[in-house]
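The values are calculated or read from the model by the stated rules, or taken from the named source; none is laboratory data. Since the structure is predicted, the reported quantities are computational estimates derived from the model, not experimental observations. Don't worry about glycine lacking a Cβ; one is built from the backbone with ideal geometry, like all the others, and counts go over all protein chains shown. Please note that ligands, DNA and RNA were not included when accessible areas were found on the heavy atoms of the full protein model with its side chains. Shrake-Rupley method; radii C 1.70, N 1.55, O 1.52, S 1.80 Å.
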Amino acid sequence: MKVKAKILDEKAINRSLTRLAHEIIEKNKGVENVVLIGIHTRGVPLAKKIAEKIKQIENEDVLVGSLDITLYRDDLTKVDYNPVVNSTDISFDIENKCVVLVDDVIFTGRTIRAAMDAIMDIGRPKNIQLAVLVDRGHRELPIRPDYVGKNVPTSKKEVIGVHVSEVDGKNEVIIYEKN
């Protein structure tokens, strides 16, 4: 794949995460009952960064967990015959909490559907909200994020690459074109 364009640099990502934190606080009238759950892989560090922003703004800690949806995918056999399963780490009760799922990119909506199924197997939250850094469109399911860092209309020949320092050593969002 070749690089088509860099759409977010480190500063732009930081601004987007700050805005997402403000929107989460505003919509929920504070963060008293809010927990953040990042979807592996890049949703986890994004959730932690949003929690840090909320701490700076509200001076309150928000619990952060991580969720692996590998075994909940409806395309598991298409992805890999030997999928890598990460650990789910939600060491707190989600009953009657506002669970904000955090992911890097929303595309078809199937990852989020799988994440909601996984959450419901863990407990029954008061509600589930969705925060994504990039919404690229092309939904196949009726799922829409509550919080979006950047809307990026794409073609199906393009791929959005979110790079976060904790995983990739740098913070940026790139559009790649399939060869």
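Couple of notes before you dig in:
- With the whole protein complex present, Lys178 retains an accessible surface near 110 Å², based on a 1.4 Å probe.
- Prolate/oblate/rounded label for the stretch 68-173 (Cα gyration tensor, a/c 1.5): rounded
- Out-of-range pairs (alpha-carbon distance over 28 Å; input Lys97/Lys170; Lys6/Lys29; Lys11/Lys97; Lys97/Lys156; Lys97/Lys150): Lys97/Lys170; Lys6/Lys29; Lys11/Lys97; Lys97/Lys156
- Cβ-derived FRET efficiency at R0 45 Å, Arg19 paired with Asn96, nearest 0.05: 0.95
- Heavy-atom accessible area order for Ser87, Ser165, Ser16, largest first, 1.4 Å probe: Ser87, Ser165, Ser16
- Three-way shape label, the chain, alpha-carbon gyration tensor, a/c 1.5: oblate
- Based on Cα contacts under 8 Å between residues 6+ apart, the chain shows a relative contact order of 27 percent.
- Sites listed here are GluC sites (Glu not before Pro) in the stretch 15-44 whose DSSP assignment is loop and whose Cβ has at most 11 other Cβ atoms within 10 Å: Glu32.
- Loop-located chymotrypsin sites (Phe, Trp or Tyr not before Pro) across the stretch 79-179 with a Cβ neighbour count of 15 or fewer within 10 Å are Tyr81, Phe92, with loop assigned by DSSP.
- Taking a sphere under 14 Å around the Cβ of Arg139 and counting the other residues whose Cβ falls inside, with K and R at +1 and D and E at -1, yields a net charge of +2.
- Once backbone amide H atoms are built at 1.01 Å from N, Ile90 has Ser66 as its partners under 5 Å, excluding neighbours fewer than 5 places away on the same chain.
- Sites listed here are trypsin sites (Lys or Arg not before Pro) in the stretch 112-173 whose DSSP assignment is loop and whose Cβ has at most 16 other Cβ atoms within 10 Å: Lys126, Arg139, Lys156, Lys157, Lys170.
- Within the chain, DSSP assigns beta bridges of which about 35% are antiparallel (rounded to the nearest 5).
- Furthest towards positive pole of dipole, Val34, Gly137, Ala51, structure part the chain, Cβ charges: Gly137
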